[in-house]
Amino acid sequence: MNHNQGQLRRTLGLPDAVLIGLGAMIGAGIFAALGPAAQAAGSGLLLGLGLAAIVAYCNAMTSASLATLYPMSGGTYVYGQKRLGQYWGYLAGWGFLAGKTASCAAMALTVGWYLWPEHANVIAAATTAALTALNYTGIQKAAWLTRGIIAVVLTTLVALVVSSLTSEASDFSRIDFTVDLTWTGALQAAGLLFFAFAGYARIATLAEEVRDPQRTLRRAIGISLGITLAVYTAVAIAVLTVLDADQLAAATAPLTAASEAAGVTWLTPVIAVAAAVAALGALLALILGVSRTMFAMARDGHLPTGLAAIHPRFNVPHRAELLVGSVVVILVLTLDLREAIGFSSFCVLVYYAIANASALTLNADEGRPARVIPLVGFAGCAALMFALPATSIIAGLLVLAGATILYFIQSAIRRTTRQ
């Protein structure tokens, strides 16, 4: 890379990096994950939220260290290969592909549940098809659109918090940790709520574009995660004061259920639109990210090479995009929202466990973070991963086992053709 080019691109200061982090994190996840978390832990989901934030922070800091050392696209797919060997990078790539494809399904289902709950799956499938077509023509989510989405979502969440806490229905005695709190429940809630922090490592990928990256990246990650945690905690408390944990667990669109319980019915359609806007923005970015990772793995020979084709007119990896869109349509017609969130969390936690293991191999000259950070990150990923619902764990392990078999078959074929 041209050194001057790298210098020219260092245009982002701390406020810009924080804004990008908030745009990546405060999104549709909070509209979807509260219900499954309440089902796992009752009002103990508040503890789960804190645990999820700690693991997210460690993962983001290790990703920032690795991104500063290897400023190239691919994330842990690259770091795993460089630090641990080909197989671990490959497994991280598969974890990302499978987890983020399930995230696509969760975001599409969120649109469906908030806009037209009676036909959520059909709406989700139609939404996925429409956004896949948009991506196919090379239309990407612009930076101004991200800012617009974050403004809409934040304003809506603040309105929900204020109107819930000031309503006559608000009752803090509903938040009772003594009734149903168990460590297994809190850990499972943390694993599911981890989904709501997805995107925190987006800042880490800016290593080439920020001024004074070592200092700016760490501060931006801390600030944006802190703000996101504060917003999510306020939302969770407000919702739990108007709905008890059982009602929240049963709600398919928890934030509109909360506005109805608080008696602020004017806010219900606003929340539905905000959830749909946030989920659509996330889905557009996710389809883009998953198809590019699939394209990179196909180009490296880890997936069928036909998926590395680039459209001659639109200049996009069109076969990868169509495959991602098709798989997501099948998922939204067969999975429910909770299953999609659990499976996504499992696979993404595998991805970040490999990132933390990669960071543990760094030495001081390579910008290693304090050793406790990747250690806590790795242990946290492992704990949350295996605290998830059994169906999520089994499905995740089956996908990774299948990927492992494929890897060794490909390796054997390559060895045979070289002889």
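The values are calculated or read from the model by the stated rules, or taken from the named source; none is laboratory data. Bear in mind the structure is a predicted one, so any value in this text is a computation, not a measurement. Ideal geometry is used to build each Cβ from the backbone, glycine not excepted, and the neighbour counts take in all protein chains shown. With ligands, DNA and RNA removed, areas are computed over all heavy atoms of the protein, side chains included. Shrake-Rupley method; radii C 1.70, N 1.55, O 1.52, S 1.80 Å.
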**Study point:** Unmet requirement for Ser173, which otherwise passes all of (1) modelled with pLDDT of 95 or more; (2) open to solvent by 50 Å² or more (accessible area, probe 1.4 Å)
**Key:** (1)
Practice item. Could you pull out the residue among Leu45, Leu69 that is surrounded by fewer than 24 Cβ atoms within 10 Å (Cβ to Cβ) and at pLDDT 85 or above? Key: Leu69
Point to revise | Test: Leu280 is hydrophobic (A, V, I, L, M, F, W, C) and either more than 23 Å from the chain's Cα centre (by Cα) or at pLDDT below 90 (or both) | key: no
Check your understanding: How many residues, within segment 350-386, are at pLDDT below 95 and small (Gly, Ala, Ser)?
Key -> 3
Check your understanding: If the Cβ limit is 7 Å and pairs must be 6+ apart or interchain, which residue in segment 77-94 that is on the phi < 0 side of the Ramachandran plot and free of Cβ contacts under 8 Å to residues at least 40 places away in the same chain pairs with which residue that is open to solvent by 50 Å² or more (accessible area, probe 1.4 Å) and not in a helix (DSSP H, G or I)?
Key -> Val78/Met72
Exercise for review: Mind listing whichever residues of segment 306-327 are buried (at least 19 other Cβ atoms within 10 Å of the Cβ) and not in a helix (DSSP H, G or I)?
Suggested key: Val316, Pro317
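Looking at segment 101-117, can you tell me whether even one residue there is part of a helix (DSSP H, G or I), over 21 Å from Ala196 (Cβ atoms), open to solvent by 10 Å² or more (accessible area, probe 1.4 Å) and free of Cβ contacts under 8 Å to residues at least 24 places away in the same chain?
No, segment 101-117 contains no residue that is part of a helix (DSSP H, G or I), over 21 Å from Ala196 (Cβ atoms), open to solvent by 10 Å² or more (accessible area, probe 1.4 Å) and free of Cβ contacts under 8 Å to residues at least 24 places away in the same chain.
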Check your understanding: Quick one: in segment 219-240, which of the residues that are more than 30 Å from Ala169 (Cα to Cα) and under 20 Å from the mean Cα position of the chain (by Cα) is surrounded by the most Cβ atoms within 10 Å (Cβ to Cβ)?
Key -> Ala220
Review point. Taking into account only those residues within segment 196-205 that are in a helix (DSSP H, G or I) and open to solvent by 20 Å² or more (accessible area, probe 1.4 Å), which is modelled with the lowest pLDDT?
Key: Thr205
Exercise for review: Could you tell me whether any residue of segment 251-264 is under 16 Å from Ala64 (Cα atoms) and in contact (Cβ under 8 Å) with a residue 60 or more places away in the chain?
Suggested key: no
Check your understanding: When the residues of segment 376-395 are filtered to those that are free of Cβ contacts under 8 Å to residues at least 24 places away in the same chain and either among the hydroxyl-bearing types (Ser, Thr, Tyr) or outside any loop (DSSP other than H, G, I, E, B) (or both), which remaining residue is surrounded by the fewest Cβ atoms within 10 Å (Cβ to Cβ)?
Key -> Ala390
Study note, to complete from the structure: Checking Thr184, Thr216, Thr178 in turn, the sole residue that is free of Cβ contacts under 8 Å to residues at least 60 places away in the same chain, open to solvent by 10 Å² or more (accessible area, probe 1.4 Å), in a helix (DSSP H, G or I) and of a type outside the set (Gly, Ala, Ser) turns out to be Thr178
Exercise for review: Evaluate segment 255-265: report whether one residue or more is surrounded by fewer than 21 Cβ atoms within 10 Å (Cβ to Cβ) and closer than 30 Å to Met61 by Cβ.
Suggested key: no
Exercise for review: Might you let me know whether segment 220-242 holds any residue that is in contact with a Lys or Arg (Cβ under 7 Å, 6 or more places away or on another chain), hydroxyl-bearing (Ser, Thr, Tyr) and not in a loop (DSSP other than H, G, I, E, B)?
Suggested key: yes
Review point. Can we say Ala130 is part of a helix (DSSP H, G or I), open to solvent by 10 Å² or more (accessible area, probe 1.4 Å) and without any contact (Cβ under 8 Å) to a residue 60 or more places away in the chain?
Key: yes
Check your understanding: Looking at Leu248, is it crowded, with 24+ Cβ neighbours inside 10 Å, in contact with a strand residue (DSSP E or B) (Cβ under 7 Å, 6 or more places away or on another chain) and at negative phi?
Key -> no
Check your understanding: Is at least one residue of segment 12-31 out of contact with any helix residue (DSSP H, G or I) (no Cβ under 8 Å at 6 or more places or on another chain) and either modelled with pLDDT of 95 or more or outside any helix (DSSP H, G or I) (or both)?
Key -> no
Practice item. Would you mention how many residues in segment 328-352 are open to solvent by 10 Å² or more (accessible area, probe 1.4 Å) and either closer than 15 Å to Leu91 by Cα or of a type in the set (S, T, N, Q) (or both)? Key: 5
